[in-house]
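Since the structure comes first, as structure tokens, the remarks are kept for the end.
The values are calculated or read from the model by the stated rules, or taken from the named source; none is laboratory data. Bear in mind the structure is a predicted one, so any value in this text is a computation, not a measurement. Cβ sites come from the backbone with ideal geometry, for glycine too, and all protein chains shown count toward neighbours. These accessible areas exclude ligands, DNA and RNA; they are computed on the full protein's heavy atoms, side chains included. Shrake-Rupley method; radii C 1.70, N 1.55, O 1.52, S 1.80 Å.
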Amino acid sequence: MRDLLRQPSFMAALALLCGLVGLALLWPWQGAELDLLNKYQAPSLHHLFGTDWLGRDLFSRSQQALAQSLYVGGLAVLLSSVLSLMMAMLAMLHRAAAWMVDLLVDLFMSLPHLLLLILLSLAFGGAEFGLVVAVALSHWPKLTRLLRFEMKQVQSAPYYQLAKQFGTSPWQRLRRHMLPHILPQWWIGGLLLFPHALTHMAALTFLGFGLNPDSPSMGALLAQASQYALTGHWWFALCPGLLLLSCLLLLSYVAQRLLLGLRQGPQTHLEGVVKC
Amino acid sequence: MPTHSYAILSAGFRLVLLLILVVLLAYLLLSWTPIDPLNAYLGGNVFGISEPQKALLAQQLSLDQSVGQRLLHWLSGLARGDLGFSTLYQQPVSSVIATHLPLSLLLIGLSWVGSLVLGYLLGLLAGIYQDSWLDKAVQRFSWLMVCMPSFWLAMLFISLFSIALQLTPVCCAAPIGMTFSEQSVLSMLHHLLLPVATLTVVSMAPIVLHTREKVIDVLQSDYVQYSLAHGDSLLKVVRFHVIRNSLLPAIVLQFATFAELFGGSLIAETVFSFPGLGASMVKAGLASDTDLLMGCTLISALMVFSGNLIATVLSRYFIQEAGDA
């Protein structure tokens, strides 16, 4: 981990990401003021992202939308990762429970992801609540599968077997031997889910199943832009989309580097020592 | 070998069990929605009819029955090949599917082949020339494509190729006033170009990265090193060892990720107003057309399952081949 903090590319990406998120969260203007004399303005220094069909500043609206998407997406990812950790721990209890969890994972992964999201968001009544629940309930299987794999490895490791034979209680084994190994994987796995969740949320809102199209969110902004793409107002779609894409790219880059740092971290050395 | 057929059999049994569970899950989710089905049937005009009419309609739509009864009714219809009635299209669900599914299959099939061929070639090149600028460019590109929201890419394609350059049609599967099969083959390809390109590019990344890893593995193996040490050219090694060992896993992976392609078709068809099953599915969801959505879910689940089954059988066959050799 400490090596990672010395790498300039990682630090630059992290700083950029923090800058983007901070800007979106702290941007003071709503972008709701109408200015009918200045509608359909192409991007300029005064309006960085141009203005829309009502003369609203697209830069402010994009910041607003990004903040909204990050908030809703963060909530959904948090719920989803907690659910996946709980499912993975549940599977450790008993063989029947493990069978059930594996079946549920397969079940949720055997429909096209977007279709599952649509069905879930319909079942929970759409809007913000439906969207958060749909994303949370459809993104846990992948992380659960990963955590199950890691947990099985720990369970078959000699130090865990020894701890078992020494008669430590299940709770103590979980706390002292399982969780320290699992938790870093878990939160980085959650971080890796984040860009996926943001993309899926935007797609769902774009199709009309998610957030209210009038409130600024990335999906709603781009859905409105798609009507104007045919009339040559390219910046409606391009500018907010680029902001979203750069955020997604930075997020996935940071998460992947963290994962890489973890894989090369002290854990693997420890494994080697125990095996010898 | 009996163990292999047993493994395939048990995998097949699990797939059938999952298929049944998926249908149950989808039906429960759809019957759980808080949207009033009567209101959806009347297009939001629920106060336009009297109470007795409402009761009669509820009876006709069998809304007065419990979820279990309706599920049984739907299943018995399914056994007779009757998928119900679409309130959105005012047609039986099976005929809606029959008109829209072939277009979707064409779109998905072309993108499937496209992403396999293009992704495999890019992965092969990146693997052979590991750590070169080409390898880095391919890796960056696939990372970009993993993160790319497909609907946004589709919009950019329309803005660039259809509006700014006027090379491709703006929407639909055929010129206005024609059905898909009435037009010439060239016009067909012209209309399919952008949707297929979008789906291909978006779904290519896994196959590129997987093939790259595999190719690097094979190139570092003992037998390839031995072959190279005996003066065989790189071209010969690639033809005899690398492609033989990396093409089948790529095909297996492509079958296994069929679901993502299907999900992508929902978005591509909606953005390009392509009249396939994906666009109908989105419309059915927005209009709460439960029967149609259920029928589409069944079809997509069947397609995903056949993809998974083929992947399982192929990979078993592959393992057996490797074991016998």
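Pairing each residue of the range A:208-221 that is on the phi > 0 side of the Ramachandran plot with any residue that is open to solvent by 40 Å² or more (accessible area, probe 1.4 Å) and among the small types (Gly, Ala, Ser), provided the two are 6+ apart or on different chains, yields no C-beta distance under 6 Å.
Results for (1) in contact with a Gly (Cβ under 6 Å, 6 or more places away or on another chain); (2) modelled with pLDDT under 75; (3) more than 14 Å from every other protein chain (Cβ to nearest Cβ); (4) in a loop (DSSP other than H, G, I, E, B), shown as yes or no for each residue.
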position	(1), (2), (3), (4)
B:ALA40	no, yes, no, no
B:SER62	no, yes, yes, yes
B:ALA98	no, no, yes, no
B:PRO102	no, no, yes, no
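Only one entry in A:GLN155, A:GLN161 is surrounded by fewer than 20 Cβ atoms within 10 Å (Cβ to Cβ) and either touching a residue at least 40 places away in the same chain (Cβ under 8 Å) or of a type in the set (Val, Ile, Thr) (or both), namely A:GLN155. Inspect the range B:167-182 for any residue being among the β-branched types (Val, Ile, Thr) and part of a helix (DSSP H, G or I) and give the result as yes or no. For the range B:167-182, residues among the β-branched types (Val, Ile, Thr) and part of a helix (DSSP H, G or I): absent. Taken together, A:HIS113, A:HIS139 contain a single residue that is within 18 Å of the chain's Cα centre (by Cα) and either over 29 Å from B:ILE20 (Cβ atoms) or within 11 Å of chain B (Cβ to nearest Cβ) (or both), which is A:HIS113. Would you confirm whether or not the range B:181-192 contains a residue that is away from chain A (no Cβ under 12 Å), open to solvent by 50 Å² or more (accessible area, probe 1.4 Å), under 30 Å from A:LEU198 (Cβ atoms) and hydrophobic (A, V, I, L, M, F, W, C)? So far as the range B:181-192 goes, no, none of its residues is away from chain A (no Cβ under 12 Å), open to solvent by 50 Å² or more (accessible area, probe 1.4 Å), under 30 Å from A:LEU198 (Cβ atoms) and hydrophobic (A, V, I, L, M, F, W, C).
Among the residues of the range B:264-302, the one identified as among the polar types (S, T, N, Q) and more than 11 Å from every other protein chain (Cβ to nearest Cβ) is B:SER280. Among the residues making up the range B:218-255, those that are open to solvent by less than 40 Å² (accessible area, probe 1.4 Å), small (Gly, Ala, Ser) and either in a helix (DSSP H, G or I) or in contact with a helix residue (DSSP H, G or I) (Cβ under 6 Å, 6 or more places away or on another chain) (or both) are B:SER227, B:SER246, B:ALA250. In this entry, B:PHE305 passes the filter for residues that are more than 20 Å from B:GLY84 (Cβ to Cβ) and within 11 Å of chain A (Cβ to nearest Cβ).
Which of (1) part of a helix (DSSP H, G or I); (2) polar (S, T, N, Q); (3) over 12 Å from the mean Cα position of the chain (by Cα) is the odd one out, the single condition B:SER306 does not satisfy? Only one criterion in (1) part of a helix (DSSP H, G or I); (2) polar (S, T, N, Q); (3) over 12 Å from the mean Cα position of the chain (by Cα) is unmet by B:SER306, namely (3). Filtered by the rule that a residue be part of a strand (DSSP E or B) and modelled with pLDDT under 85, the range B:80-94 gives B:PHE85, B:SER86.
Go through the residues of the range B:120-129 one by one and say whether even a single one is out of contact with any Lys or Arg (no Cβ under 8 Å at 6 or more places or on another chain), touching a residue at least 24 places away in the same chain (Cβ under 8 Å), within 14 Å of chain A (Cβ to nearest Cβ) and hydroxyl-bearing (Ser, Thr, Tyr). No. Where helices (runs of 4 or more DSSP H) fall entirely within the range A:35-126, those with at least 3 residues that are out of contact with any strand residue (DSSP E or B) (no Cβ under 8 Å at 6 or more places or on another chain), modelled with pLDDT of 90 or more and among the polar types (S, T, N, Q) are at A:58-93. Kindly indicate whether any position in the range B:204-217 is charged (D, E, K, R), open to solvent by 50 Å² or more (accessible area, probe 1.4 Å) and without any contact (Cβ under 8 Å) to a residue 24 or more places away in the chain. The answer is yes, given that some residue of the range B:204-217 is charged (D, E, K, R), open to solvent by 50 Å² or more (accessible area, probe 1.4 Å) and without any contact (Cβ under 8 Å) to a residue 24 or more places away in the chain.
Quick check: is even one residue across the range A:166-188 touching a Gly at 6+ places or on another chain (Cβ under 7 Å) and closer than 30 Å to A:ILE118 by Cα? No - not one qualifying residue is present in the range A:166-188. Taking B:SER10 as the residue in question, decide whether it is at pLDDT below 85, under 28 Å from the mean Cα position of the chain (by Cα), within 14 Å of another protein chain (Cβ to nearest Cβ) and closer than 26 Å to B:GLY307 by Cα. In short, yes. Against the conditions (1) closer than 17 Å to B:LEU30 by Cα; (2) open to solvent by 10 Å² or more (accessible area, probe 1.4 Å); (3) within 11 Å of chain B (Cβ to nearest Cβ), A:LEU104 satisfies every one except (1). Filtered by the rule that a residue be within 20 Å of A:GLY74 (Cβ to Cβ), of a type in the set (A, V, I, L, M, F, W, C) and open to solvent by less than 20 Å² (accessible area, probe 1.4 Å), the range A:221-257 gives A:LEU221, A:LEU222, A:LEU243, A:LEU244, A:LEU245, A:CYS247, A:LEU248, A:LEU251, A:VAL254, A:ALA255. If you take the residues in the range B:308-325 that are more than 10 Å from every other protein chain (Cβ to nearest Cβ) and not hydrophobic (A, V, I, L, M, F, W, C), which one is nearest to B:LEU71 (Cα to Cα)? Per the stated criteria, the residue is B:THR312. Across the range B:280-310, the number of residues qualifying as open to solvent by 10 Å² or more (accessible area, probe 1.4 Å) and not aromatic (Phe, Trp, Tyr) comes to 14.
Could you tell me whether the range B:21-35 includes any residue that is over 25 Å from the mean Cα position of the chain (by Cα), modelled with pLDDT under 70, at negative phi and within 14 Å of chain A (Cβ to nearest Cβ)? Yes. Within the range B:163-175, can one find any residue that is polar (S, T, N, Q), within 14 Å of another protein chain (Cβ to nearest Cβ) and without any contact (Cβ under 8 Å) to a residue 60 or more places away in the chain? Yes, the range B:163-175 contains at least one residue that is polar (S, T, N, Q), within 14 Å of another protein chain (Cβ to nearest Cβ) and without any contact (Cβ under 8 Å) to a residue 60 or more places away in the chain.
Could you list, in sequence order, all residues of the range B:143-162 that are at the interface with chain A (Cβ under 8 Å from one of its Cβ atoms), hydrophobic (A, V, I, L, M, F, W, C) and touching a residue at least 40 places away in the same chain (Cβ under 8 Å)? Matches in the range B:143-162: B:TRP143, B:VAL146, B:MET148, B:PHE151, B:MET155, B:ILE158.
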